[in-house]
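Have a look at the structure below, then the notes.
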Amino acid sequence: MTIYNFAAGPAILPAPVLQEAQEDLVSYPGSGISLLEMSHRSKPVQDMIQAAEDEIRVLAGIPDNYHILFLQGGASSQFSMVPMNLLTSGGKADHLVTGNFANLALIDAQKIGDVRVAGSTESTNYDRIPTQDELNLDPDADYVHFTGNNTIYGTEWPAEPEVGNVPLVADLSSNIFSKPIDVSKYGLIYAGAQKNLGAAGVTLVLVRDDLLSRSPDTLPSMLNYNTHCKGHSAYNTPPVFSIYVLGLVIKWLAHKGGLDQMAAQNEEKAEVIYNQLDASEFYRGHAIKGNRSRMNVTFNLPTPELETQFAAEATTEGLVELKGHRSVGGIRASIYNAFPKDGVDALVSFMKEFERANG
Ligand SMILES: *Cc1c(COP(=O)(O)O)cnc(C)c1O
């Protein structure tokens, strides 16, 4: 039986990537020893890290004035590292709060400095993204932070918020490289790799050159972006294997036709499930139309008991990890870049069958 993995993260990886990683695991091409055993100062490893960086730059069209960093500590470490580095002395920042991770980012940033909520959809249980009119942005803020895709609630910003000349900072952990991106609109982007980019253990950070001068010298070395820029992501021992897997995923994305092609496929996959939700009274989508995530489709059934039964029966059909996050319940189908269209079709067939039997 084919297993379709709908996990939210760590999530499905492209089969050819897993295959190649397996082949290279015992003996890295050209070295005869495992990548897991190799020094991060060795030439093959340094070449591998540089190649991953170069491929990311080409795939996403990242301008030369942006540094590409591979850091540790997950996206969650960026919740505090961003304000530590980008808040100026006596400065303030605006946060847009659209879900669980956006809220965690806010909580940590507020421990560092003067950080305000400039937009929130908490009052409707994060079923939408604020409209531009609803944002209460401070033109003197050091930066505006938003979360591009809300992994738990299943909403996604249809476009970046308009923030004028204030640097835009984004947590794109669950939708990075799912569509073309104009990086020049951003000051800083971060994303944990384990959703759309690869294996856990590495966080991709893109940071614009001019913002680096803000980092105070009093910061511990590991928490200062300048350290990692100067050290080319190898100031200390980097997560070599996770960077390698990320590099394979980037190559796979390029091979599949790049970000335009990904956008078309992701649009198509999500639409198949949303059409089924819209055609049914039995299933109820959480996100409002227009703000629906193409990556995480969240929905409810008439009762929590039916949701439990749905997830359990789906598992026996090979549709695994459909249970929603513990904080919202319901069902969540995560269908990142690597998730195949066949799996989406299988889910919709199962939904129809389940409704027929239990509706
Ligand atoms: C999963 C997730 C995080 C947390 O990532 P870690 O790498 O586990 O710290 C942060 N933000 C978003 C949007 C996420 O989906």
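What follows is calculated from the coordinates using simple rules that are stated; it is not laboratory data. From a predicted model like this one, the values you see are computed outputs, not experimental measurements. Reconstructed Cβ throughout: ideal geometry from the backbone, glycine too, with neighbour counts over all protein chains shown.
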Antiparallel DSSP beta bridges within the chain, as percent of all bridges there, nearest 5: 55
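Given that compact globular proteins tend to follow 2.2 N^0.38 Å, what is the ratio of the alpha-carbon Rg of segment 1-150 to that value?
1.38
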GNM flexibility winner over the chain from 56, 68, 288 (Cα, springs under 10 Å): 288
Stokes-Einstein translational diffusion, segment 16-255 - Kirkwood Rh over all Cα pairs, 1.567 mPa s, 4 °C, in µm²/s: 70
Environment charge of residue 254, counting only residues whose C-beta is closer than 13 Å and scoring Lys/Arg +1, Asp/Glu -1: 0
Mean Cβ neighbour count within 10 Å, used as a protection proxy, ranking 189-197, 93-101, 57-65 highest first: 189-197, 93-101, 57-65
Nearby lysines by direct alpha-carbon distance to residue 352 (threshold 19 angstrom, same-chain neighbours under 8 apart not counted): 269, 323, 341
Total lysine pairs under 19 Å (Cα atoms) in segment 16-255, excluding pairs fewer than 8 apart on one chain: 5
Computed log₁₀ I(q)/I(0) - Debye formula, equal Cα scatterers, no solvent, segment 19-84, q 0.14, 0.16, 0.28, 0.29 Å⁻¹: -0.62, -0.77, -1.13, -1.15
Highest-first arrangement of 316-322, 162-168, where packing means the average Cβ count within 10 Å: 316-322, 162-168
Cα lying deepest toward the dipole's positive end in the chain, options 129, 2, 299, charges on Cβ: 2
Rounded Å value of the spacing that divides the Cα centres of segment 152-202 and segment 238-252: 19
Relative contact order computed over the chain (Cα-Cα under 8 Å; 6+ residues apart), in percent: 23
